Amino acid sequence: MKKFFYIILTCTLLGSCSPYQKALKGTDIGVKYKEGEKQFEAGKYAKANKLFEQIIPSYRGKPQAEKLTYLHAMASYNLEDWYLASYQFERFVSSYPNSEKVEEASFLGAKSAYMLSPVYSKEQLETKEAIEKLQSFINLYPDSEYLAEANKLVKELDFKLEKKAFDIAKQYNTIAGYTADYNAPIEAIDQFIFNFPGSVFREEALFIKFDSAYKLAINSVSYKKQQRLEDAKTYFNSFKSAYANSEFMVEAEKMNEEIERELENYSTKS
């Protein structure tokens with residue numbers, strides 16, 4: 001038992017006297033800088049950043065500051081500390097606009113912002129900010145080696161906003177089942193299609209618009225019913241013209257048949 005205790009004690013003492021510990025506890029910024037580089041190259045980014053954070057203020061304005069700031073940002077990026085990495089890369093770009101690393105730093109800063117984008121169902125402020133930063137990079141570096149990846153990330157973020165917008169519009173149709181306000185989903189779908197004209201959700205969106213118009217017409221007060229039935233039939237024809245083989249067509253056809261039966265009542269009266 002005593003032997004085990006001495007082994008633990010020896011290891012602890014040796015650890016406390018390691019070059020890293022000496023640098024961390026010491027006051028020599030040159031030693032801290034070299035040890036920080038060593039830890040960074042070894043992939044020990046948390047240790048590297050502890051040292052970098054101690055000496056960055058002391059190196060401000062000195063020749064080593066550019067590399068130190070870059071390594072600090074890269075360490076945060078590799079630690080997946082996206083908030084800090086995004087901020088640090090932006091600071092690097094603004095501080096060293098003529099650096100050979102500025103293009104890479106610009107991209108990684110924007111990519112860090114991309115990594116902060118939440119799932120589509122949540123508020124999308126970070127997503128919009130990431131799109132702006134990536135688009136800014138694309139505009140500044142149209143021939144960049146990172147261009148393809150930047151465009152891919154923007155496309156992913158755009159789709160997230162599209163999915164969010166579609167689900168909101170779709171929800172109006174669901175809510176209308178309780179409120180009987182079917183004008184709201186029709187307007188929401190129109191706005192969605194206007195904002196995302198080439199959306200992959202366009203087929204379902206047009207079906208939901210027809211479904212809402214159908215329910216609005218069938219449940220309408222008598223003096224508005226004929227016009228609403230005709231409107232619903234127009235939406236059906238538009239949907240069928242665009243998506244004749246849609247998975248929603250069987251259901252849409254059944255609703256249209258009911259609309260036509262209802263309209264026959266008005267033709268008989270006339």
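The values are calculated or read from the model by the stated rules, or taken from the named source; none is laboratory data. Just so it is clear, the model here is predicted, and its values are computed rather than measured. Neighbour counts are summed over all protein chains in view; Cβ atoms, including those assigned to glycine, are modelled from backbone coordinates with ideal geometry.
Assorted remarks:
- Unique match (being over 27 Å from A113 (Cα atoms) and at pLDDT 95 or above) among K62, K34, K50: K34
- Candidates A46, A113, filtered to the one that is assigned to a helix (DSSP H, G or I) and under 30 Å from I168 (Cβ atoms): A113
- Single condition W82 does not satisfy, out of (1) under 24 Å from the mean Cα position of the chain (by Cα); (2) over 21 Å from F137 (Cβ atoms); (3) among the aromatic types (F, W, Y): (2)
- Of all residues in the range 85-107 being within 12 Å of T69 (Cα to Cα) and among the small types (G, A, S), the one that is nearest to the chain's Cα centre (by Cα): A85
- Cβ pairs under 7 Å, 6+ apart, first in the range 214-228 and outside the structural domain of E257 (by TED's automatic domain parsing) and assigned to a helix (DSSP H, G or I), second at pLDDT 95 or above and not β-branched (V, I, T): none
- Of the residues making up the range 85-95, not a single one is of a type in the set (K, R) and over 26 Å from L116 (Cα atoms).
- Boolean, S86 is part of a loop (DSSP other than H, G, I, E, B) and surrounded by 13 or more Cβ atoms within 10 Å (Cβ to Cβ): no
Per-residue answers, yes or no, for (1) surrounded by fewer than 22 Cβ atoms within 10 Å (Cβ to Cβ); (2) charged (D, E, K, R):
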residue: Y45; (1), (2): yes, no
residue: L51; (1), (2): no, no
residue: I56; (1), (2): yes, no
residue: R60; (1), (2): yes, yes
residue: Y77; (1), (2): no, no
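- Options Y266, Y223, Y178: the member that is out of contact with any strand residue (DSSP E or B) (no Cβ under 9 Å at 6 or more places or on another chain), at pLDDT below 95 and within 29 Å of V119 (Cα to Cα): Y178
For every residue, the table says whether it meets (1) more than 25 Å from K44 (Cα to Cα); (2) crowded, with 17+ Cβ neighbours inside 10 Å; (3) in contact (Cβ under 8 Å) with a residue 24 or more places away in the chain.
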site	(1), (2), (3)
K67	no, no, no
L71	no, yes, yes
E90	no, yes, no
G109	no, yes, yes
S121	yes, no, yes
K155	yes, no, no
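- Of residues in the range 89-135 being in contact with a Leu (Cβ under 6 Å, 6 or more places away or on another chain) and among the aromatic types (F, W, Y), the one farthest from K163 (Cα to Cα): F89
- Count - residues of the range 247-270 that are touching a helix residue (DSSP H, G or I) at 6+ places or on another chain (Cβ under 6 Å) and not in a helix (DSSP H, G or I): 1
- Test for S241: is it out of contact with any helix residue (DSSP H, G or I) (no Cβ under 7 Å at 6 or more places or on another chain), modelled with pLDDT of 95 or more, of a type in the set (S, T, Y) and closer than 29 Å to L263 by Cβ: yes
- Test set (1) under 30 Å from R202 (Cβ atoms); (2) part of a loop (DSSP other than H, G, I, E, B) - I131 fails condition number: (2)
- In the set (1) modelled with pLDDT of 95 or more; (2) more than 34 Å from the chain's Cα centre (by Cα); (3) surrounded by 11 or more Cβ atoms within 10 Å (Cβ to Cβ), the condition left unmet by V250 is number (3).
- Matching entry among L161, L125, L147 (being surrounded by 14 or more Cβ atoms within 10 Å (Cβ to Cβ), farther than 30 Å from I218 by Cα and under 13 Å from the mean Cα position of the chain (by Cα)): L161
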